[in-house]
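See structure below.
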């Protein structure tokens, strides 16, 4: 009698335990994990099979040795750095000033920072090309101030960095603004002013160090957007990594797969660092 | 500058406009590289080849079948991936937040979603070619396991609507996870307890409390996913080489060379995209405000 009851209790415990295992949660999670991993695994597997019957890193060696890879990748990194610097120089003083003196400008500035969501990269580059492919004149005269920006290298560099600043604007602005919310900008400013600091000193030596985590996460996100970017680069004719990878894919098989996997690792590194600095707050972008 | 520094809290009303000088560089930048380029496209779409005002481009936009097809294809791809990615992403976010999975899986999923939602463009296209292309890993796997060749025995093609949608899903559902996980965290424990105390079942709690609270957030996020796919160019271009005529690829062709033989029509095509994106953003922010009533 007692033993059958024990048996029943044990059985019920078992059932309860099985019921407590969230079957559907596991199901969706595993499906999601497969969706994440399969394309990466397939790319890695393919990239390792360059030599017949041998698993090896030959494709990686070939890809990284190509001088054109080195130059385009370097170019992309330099552009990313320029974009990050330009974004910080443009956005930090603006966000600071709004917080300190000009709260009435908040709405309009926030509206502008959302505009890049409405104007995707392909539209932005369309507009940029149409505007800056004619020479810049002194207003109301025929005197040419500057050759069309699209016709010389420094010109297209300026255009592409400006375009990237625009694409990164929503993320950078939000990062900086959130960063400033957590520090008492007004008190810091007054303290610095009472010690005789200039505006430049206040921003560079007081505000910037206090929002460095936010800046870093904005910067890494910008980096992730810029390094693989294709749309702006290919239409403006700037020799960066994105268009190079695209062209490589037209006439090679293994090296592009190797570089694709490598850029996945790079994205992961950037995102991992963001996680580290923002304490697990995921960030999202959208330069697809 | 130094003058204002001396009296920080006493701005003279007469000098009020000077405050605006501080944000002038930002506005100037936005004007030069965001507003003017967009305005150029708007003006261009209302101008004919002789530079006069016309509505012909806008009218032609609705008459040209190839353009309408391109919009429609883009809308379909974006809607399908927004809906599919939205539902799948929600279920994933649910399973790691309130679904009872171990805590470490949650941070793993969030990290991976952050990476995947940023992993797009050419590398993503190549990854999917290695996965679901003619000789792709999964294509071969399915043939070995089930004896079905996707390309010979079914209509599947990676370089088509279905293939592009599957590829877009790779950055769509992670984006949903990233947005929904915090929203699901925002469901208050008290609501569930109150519902249970009043005798509600788990299903009733979800249908009548949790889901209505989450609905604006879910719909808003799906709109965001829609815009995310609608504006995408590089992934589609790298995947299909420009053969699949979604609207961004058509616009790209128009930028490269005036394929429509009417620049104004190209501008109108671009403006049409901006209008659709703007409508989605308005819808998104409206839903966002509704969300904030319950979830902050």
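Every number in this text was worked out from the coordinates using simple rules, so none of it is lab data. Everything quoted here is computed from the prediction, not taken from an experiment. Ideal geometry is used to build each Cβ from the backbone, glycine not excepted, and the neighbour counts take in all protein chains shown.
A few remarks follow.
- Modelled label reach - residue A:52, point 7 Å along Cα→Cβ, the range A:235-264 residues with backbone N closer than 18 Å: A:253-254
- The separation of the range B:244-273 from the range B:183-233, counted between C-alpha centres, amounts to 39 Å.
- Once the Cα atoms are used to define both axes, helix A:106-118 deviates from the longest principal axis of chain A by about 70 degrees.
- Span from the the range A:234-280 Cα centroid across to the the range A:113-164 one, whole angstrom: 26
- Extension gain (nm, one decimal) between residue A:198 and residue A:142, 0.36 nm per residue minus Cα-Cα: 16.0 nm
- Cβ-derived FRET efficiency at R0 30 Å, residue A:114 paired with residue A:37, nearest 0.05: 0.30
- Centroid-to-centroid separation of the range B:43-108 and the range A:198-228 [C-alpha atoms, Å]: 32
- The angle between the Cα long axis of helix A:23-47 and the longest principal axis of the Cα atoms of chain A comes to about 60 degrees, rounded to the nearest 10.
- Taking 0.36 nm per residue of separation and subtracting the Cα-Cα distance, full extension of the segment from residue A:106 to residue A:77 would add 7.2 nm.
- Over chain B: helical MRE at 222 nm, DSSP H runs n ≥ 4 each giving -39500 (n - 2.57), nearest 500: -22500 deg cm²/dmol
- Label-reachable residues, the range B:158-199, where backbone N falls under 13 Å from a point 7 Å from residue B:105's Cα toward its Cβ: none
- Evaluated on the range B:87-229, the Kirkwood hydrodynamic radius is 17.4 Å, with distances taken between all distinct Cα atoms.
- Zone residues, the range B:240-273, relative to residue B:68, backbone N less than 18 Å from point 7 Å out along Cα-to-Cβ: B:245-247, B:265-266, B:268-270, B:272-273
- Residue-span extension gain [residue B:134 to residue B:285] - 0.36 nm each, minus C-alpha spacing: 50.2 nm
- Spin-label model distance (nm) - residue A:23 vs residue B:43, 7 Å beyond Cα toward Cβ: 6.5
- Most mobile listed residue (B:27, B:88, B:119) in chain B, GNM with C-alpha springs under 10 Å: B:27
- Counting every alpha-carbon pair across the range A:154-288, the share separated by more than 25 Å comes to 43%.
- Taken along its principal axes, the alpha carbon cloud of the range B:165-207 reaches lengths of 45, 18, 8 Å, longest axis first.
- Semi-axes of the equivalent ellipsoid of the protein assembly as shown are 41, 34, 25 Å, computed as sqrt(5λ) over the eigenvalues of the C-alpha gyration tensor in descending order.
- When Rg and the Kirkwood radius Rh are both evaluated on Cα atoms of the range A:99-160, their ratio Rg/Rh stands at 1.14.
- Zero-based 10 Å bins, Cα pair distances in chain B, whole percents: 6, 19, 24, 22, 17, 10, 2, 1, 0
- Volume of the Cα convex hull of the range A:165-244, divided per residue and given in Å³: 98
- Helix A:67-100 vs. chain A, principal-axis angle (Cα, 0 to 90°, nearest 10): 80
- When Rg and the Kirkwood radius Rh are both evaluated on Cα atoms of chain A, their ratio Rg/Rh stands at 1.14.
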